[in-house]
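None of the figures in this text is laboratory data; all of them are computed from the coordinates on show. The shown structure was predicted, so the numbers you read here are calculated from the model rather than taken from an experiment. Cβ atoms come from the backbone with ideal geometry, glycine included; neighbour counts cover every protein chain shown.
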Amino acid sequence: MKHLISLFCFLILTFALSAQVLNPDSLNAEQTFYLKTLQKLEAEAARGVQNADLFYDIGVCHYQLGNTGKAVLYFLRALNLNSAHKQAKQNLLYIRNLHPELSPEPTRPFLVQLFLNIYDFFSLNRLTITLLILAILLTLSLHWLMHTPSEKEHGLPILAVVITAILFIAFGSMLLVKNHRYRNDSRAVIIANVAPIYHTPESNNVLQTIPEGSVIVVTKTQGNRVQVILPDGTQGWVDSNSIERVVPINNTKD
């Protein structure tokens, strides 16, 4: 009886292996799915659709297809549109944990990290709504102050006006800063497998190489090369076709 069971298991395993050999295309079914999905999503993006979820989905497809640089690029584009996009932030952190050579997050004091988390939570849309609410509260506070009888204490309405005015100015400044960064993000991502870094725009002497998926900051362009600041603070020049900007130069956001 034991021999029959062993023989049955062996036959099942043999048929399973032979099915994989006879149908090699089944091994690429998942990649084919992501490739077709990517083509549809990129067609939407090519039509000018600006959506954080769309960029996030494109990044997921690229990562599943092995394009780490493109995945990092589109996760950053999703966060540029919506800094509170939780999935894009988590996937970006996941990639950086798998590849510690890619622009690691600097260690920051607790209060600084707390402020940055609050800054990221208030996306452009949330900031706009918050600013509108504060404007209404400020108007009501001013109305309360102006219509308070002179014989009554004005301390409470004055305090309400001061607090709402400070919050309005603070959130308004944050909105201006975030909107400027949204339009003028100078970051770029290495999309080549390995990008050589040169000392000057004309030099062919390689200072170092930087891997795919690294996030750099572009400072200026000269010919077919761009000057960049590397994650470790080093400055150099890289071929422009080795990188892709988070915010394309020809992408006007009016």
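Sorting the Cα pairs of the range 28-116 by distance into bins of 10 Å, from 0 upward, gives 17, 43, 29, 9, 2 percent per bin. All C-alpha to C-alpha distances of the range 26-67, sorted into 5 Å bins beginning at zero, yield P(r) values of 5, 25, 31, 21, 11, 4, 2 percent in whole numbers. Measure nothing fancy, just the Cα-based angle from helix 68-81's long axis to the longest principal axis of the chain, in degrees from 0 to 90, nearest 10. With both axes taken from Cα atoms, the answer is about 20 degrees.
Cβ crowding within 10 Å, taken as a proxy for footprinting-reagent exposure, orders Y34, Y74 from fewest neighbours to most as Y34, Y74.
Just to be sure I understand the curve: with the Debye formula and one point per C-alpha of the range 122-183, what is log10 I(q)/I(0) at q = 0.21 Å⁻¹? Reported log10 I(q)/I(0), two decimals: -0.77. Treating each Cα of the chain as an identical point scatterer and summing with the Debye formula, the log10 of I(q)/I(0) at q = 0.14, 0.15, 0.17 Å⁻¹ comes to -1.03, -1.11, -1.30. Relative to the longest principal axis of the Cα atoms of the chain, helix 124-146 runs at roughly 10 degrees. Evaluated over the chain, the count of Lys pairs having alpha-carbon atoms less than 18 Å apart is 6 (only pairs 8 or more residues apart or interchain). Hey, if you drop one equal point scatterer on each alpha-carbon of the range 187-245 and run the Debye formula without solvent, what base-10 log of I(q)/I(0) do you get at q = 0.20, 0.25, 0.26 Å⁻¹? Log10 I(q)/I(0), no solvent term: -0.60, -0.99, -1.08. Only Lys, Arg, Asp and Glu carry charge here, each on its Cβ (+1 for the first two, -1 for the last two); on that basis the chain has a dipole of about 180 debye about its Cα centre. Ordered by the number of other Cβ atoms lying within 10 Å of each residue's own Cβ, fewest first, D53, D185 fall into the sequence D53, D185. Mean residue ellipticity at 222 nm, helices only, the chain: -19000 deg cm²/dmol; runs of at least 4 DSSP H residues each add -39,500 (n - 2.57), and the sum is divided by the number of residues. When each of H62, H180 is scored by the number of other beta-carbon atoms lying within 10 Å, the sequence from fewest to most is H180, H62. In loop segments of the range 184-246 as defined by DSSP, the GluC sites (Glu not before Pro) with at most 15 further C-beta atoms inside 10 Å of their C-beta are E202. Treating the angle as unsigned and between 0 and 90°, give the value, to the nearest 10°, between the Cα long axis of helix 2-22 and the longest Cα principal axis of the chain. Orientation of helix 2-22: about 70 degrees from the principal axis.
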